[in-house]
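These notes are about the structure you will find just below.
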Amino acid sequence: MEIQNLFVSDFLIDFGHKEPAITVFKRRRRPIQPITHRDWRKPEIIEFASLFTARMSCNSSVTRVHVSSVGQTPRVPVHLMPCEIEHNGPAQVSQYLTATMKDRKYEKTVSFRGRGLKGQELSCPQGYTGLVLKEINKTGSDQEDRTVKVSSVFDKVTYWNLETAPNSDDTIVMAMDWPELAEAIHGPVDD
Amino acid sequence: MAAKKTRTPNVQNDSWVVIAAESVIDTQKQDSDPAFVRLRNPSTDAASLYMLGSGDVQLYEVKAFEEDFHSWFVGQTVQRDGRLLFVTPMDPLYLILPYLIKSGKEGKFQPVDQVVTDEEFPACSRLLSCTRSLASMHHIAEEKEVGSLKFHRYSQEKTMDWLKKKVERTVIALKKRNISVGEGVKSTTYVKVKSESDSNEEDYLRYAHGLISEYISEDLSKALLTHLHLPELTSPKETEPRSKKRKLSDNPVEAGEDYTKFNSADFARKPPKKMTAAQKSLAKVDKTGMKPLSSFFSPKVKAEKK
């Protein structure tokens with residue numbers, strides 16, 4: 001099945017339960033309908049208590065964000081892939097993804113692990129900036145304060161769908177509406 | 001064929017992709033770094049993650065956007081955790097309000113720094129440093145000045161008016177972004193047949209009320225509903241007639257397309273799900289708008305597939 005573009009084959013890549021469906025059924029392409037209304041499903045955006053999923057930090061601990069070096073931080077391309085890749089760390093992304101990417105008028109296409117992906121570039125909402133935060137000086141204790149630094153910055157995100165052409169119903173497109181809704185919820189009210 | 005799904009838990013994650021308000025990294029005033037802090041969530045009463053900007057002048061909310069089976073490529077690295085975090089400015093009054101309500105039961109005017117304290121969440125006193133906190137206290141409390149000292153007492157009446165204005169602002173934003181708020185739209189990923197008239201004013205009010213309710217207690221949420229002259233939705237049947245108008249897709253949701261819908265916000269990664277017959281029928285129920293809105297908005301909802 002992995003005919004071409006074997007990504008670094010050490011990593012397990014999981015496209016989710018969609019995986020068998022592609023080989024077993026011939027999928028019918030549906031026309032993309034013009035969308036006038038958007039269904040912004042709120043639970044996409046969820047509350048969470050801690051950055052650190054592995055260890056619960058205690059309520060009084062603080063995670064400082066070093067922002068002073070942001071000016072010198074490299075700007076990097078950022079891709080949201082429609083699969084879970086069991087790996088954290090370096091990989092030949094440009095060799096296996098960006099090198100074979102085709103840029104069409106309304107969508108980008110790429111073959112990744114034998115799958116046809118369709119993608120689109122999104123800009124960060126107005127007044128917002130993309131940051132990749134990375135923990136530094138990892139300490140063992142849960143009580144201690146932690147520090148994260150800005151390891152990369154970005155102002156555009158390329159997201160990829162499996163098979164479906166990018167459209168305004170894609171959840172990440174809708175998530176980009178959140179800052180504007182948040183402004184309505186949190187902005188100052190008139191007296 | 002697909003590798004055996006023996007996925008290891010993602011424990012070594014120490015990196016996050018964030019979209020943050022530019023003011024977070026504003027390096028003009030560098031007296032201190034911004035910091036993630038844990039504070040009491042006014043809706044759930046449990047810990048949630050927030051951010052205090054440099055010098056504590058601005059509070060930010062931290063929310064995660066998550067879809068199953070997603071990972072990031074950041075430059076030439078892989079990040080398994082496919083979540084996208086949003087750091088957006090937040091009104092500190094939402095977090096101050098529960099403390100004021102609690103002390104308001106005594107009916108006395110009190111200095112706020114004595115009211116906003118929490119042994120479990122010591123960072124809460126820093127909320128009072130936010131520029132907007134003291135300046136907007138009159139929206140939720142009566143104020144009394146004695147000499148140079150200010151005292152406050154919670155006012156339900158003022159709070160309701162303030163929350164109503166919040167709802168009205170939110171309705172405007174929802175309309176501006178063309179966000180569908182009716183109930184019938186939730187599971188129709190492909191079929192968009194709604195027309196302008198389908199989302200009426202009440203739909204918008206209820207949706208906005210639901211959004212605001214994530215920042216207030218359940219009691220307050222109910223009181224706000226009354227204040228907005230919206231009847232409580234007790235039986236799902238009440239919502240049925242309106243949603244029947246909507247044209248629905250006759251096709252069952254196909255398993256192959258299920259992934260396009262955001263269907264799990266759980267932190268715990270779940271094994272891949274197939275759409276069972278039961279789920280299919282549930283999806284149909286969804287389309288007919290049978291689910292009470294209140295369940296959609298319950299604070300602890302984990303965006304579980306319904």
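The values are calculated or read from the model by the stated rules, or taken from the named source; none is laboratory data. Since the model is a prediction, treat every value here as computed from it, not as a measurement. Glycine gets a Cβ as well: all are built from the backbone with ideal geometry, and neighbour counts include every protein chain shown. We work out accessible area using only protein heavy atoms, side chains counted, and drop any ligands, DNA or RNA first. Shrake-Rupley method; radii C 1.70, N 1.55, O 1.52, S 1.80 Å.
Condition check ((1) under 28 Å from A:Ser61 (Cα atoms); (2) within 13 Å of chain A (Cβ to nearest Cβ); (3) outside any helix (DSSP H, G or I)) across all residues:
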residue: B:Tyr94; (1), (2), (3): yes, yes, no
residue: B:Lys102; (1), (2), (3): yes, no, no
residue: B:Gly107; (1), (2), (3): no, no, yes
residue: B:Ala123; (1), (2), (3): yes, yes, no
residue: B:Phe151; (1), (2), (3): no, no, yes
residue: B:Thr159; (1), (2), (3): no, yes, no
residue: B:Trp162; (1), (2), (3): no, yes, no
residue: B:Lys165; (1), (2), (3): no, yes, no
Of the conditions (1) of a type outside the set (Lys, Arg); (2) touching a residue at least 40 places away in the same chain (Cβ under 8 Å); (3) over 24 Å from A:Pro77 (Cβ atoms); (4) more than 7 Å from chain A (Cβ to nearest Cβ), the single one that B:Pro89 does not satisfy is (4)
When (1) out of contact with any helix residue (DSSP H, G or I) (no Cβ under 7 Å at 6 or more places or on another chain); (2) modelled with pLDDT of 95 or more; (3) open to solvent by 20 Å² or more (accessible area, probe 1.4 Å) are applied to B:Ser155, the one that fails is (3)
Scanning the range B:125-143 for residues that are closer than 13 Å to B:Tyr60 by Cα and hydrophobic (A, V, I, L, M, F, W, C), which turns out nearest to the chain's Cα centre (by Cα)?
-> B:Leu127
Kindly list the number of the only condition in (1) buried (at least 19 other Cβ atoms within 10 Å of the Cβ); (2) free of Cβ contacts under 8 Å to residues at least 40 places away in the same chain that fails for A:Val150.
-> (2)
Within the range B:24-53, which residues are more than 8 Å from every other protein chain (Cβ to nearest Cβ) and among the polar types (S, T, N, Q)?
-> B:Gln28, B:Ser32, B:Ser43
Applying the selection to the range A:148-173, what residues are touching a helix residue (DSSP H, G or I) at 6+ places or on another chain (Cβ under 7 Å) and either hydrophobic (A, V, I, L, M, F, W, C) or facing chain B (nearest Cβ under 8 Å) (or both)?
-> A:Val150, A:Val153, A:Leu162, A:Thr164, A:Thr171
Yes/no for B:Glu145 being loosely packed, with under 15 Cβ neighbours inside 10 Å, within 12 Å of chain A (Cβ to nearest Cβ) and not in a helix (DSSP H, G or I) | no
Residues of the range A:79-106 that turn out to be open to solvent by 10 Å² or more (accessible area, probe 1.4 Å), at the interface with chain B (Cβ under 10 Å from one of its Cβ atoms) and charged (D, E, K, R), as a count | 1
Is it the case that some residue within the range B:69-85 is more than 7 Å from every other protein chain (Cβ to nearest Cβ), out of contact with any Ser or Thr (no Cβ under 6 Å at 6 or more places or on another chain), buried (at least 23 other Cβ atoms within 10 Å of the Cβ) and outside any loop (DSSP other than H, G, I, E, B)?
-> no
Using the structure shown, decide if B:Ser54 is polar (S, T, N, Q) and modelled with pLDDT under 90.
-> yes
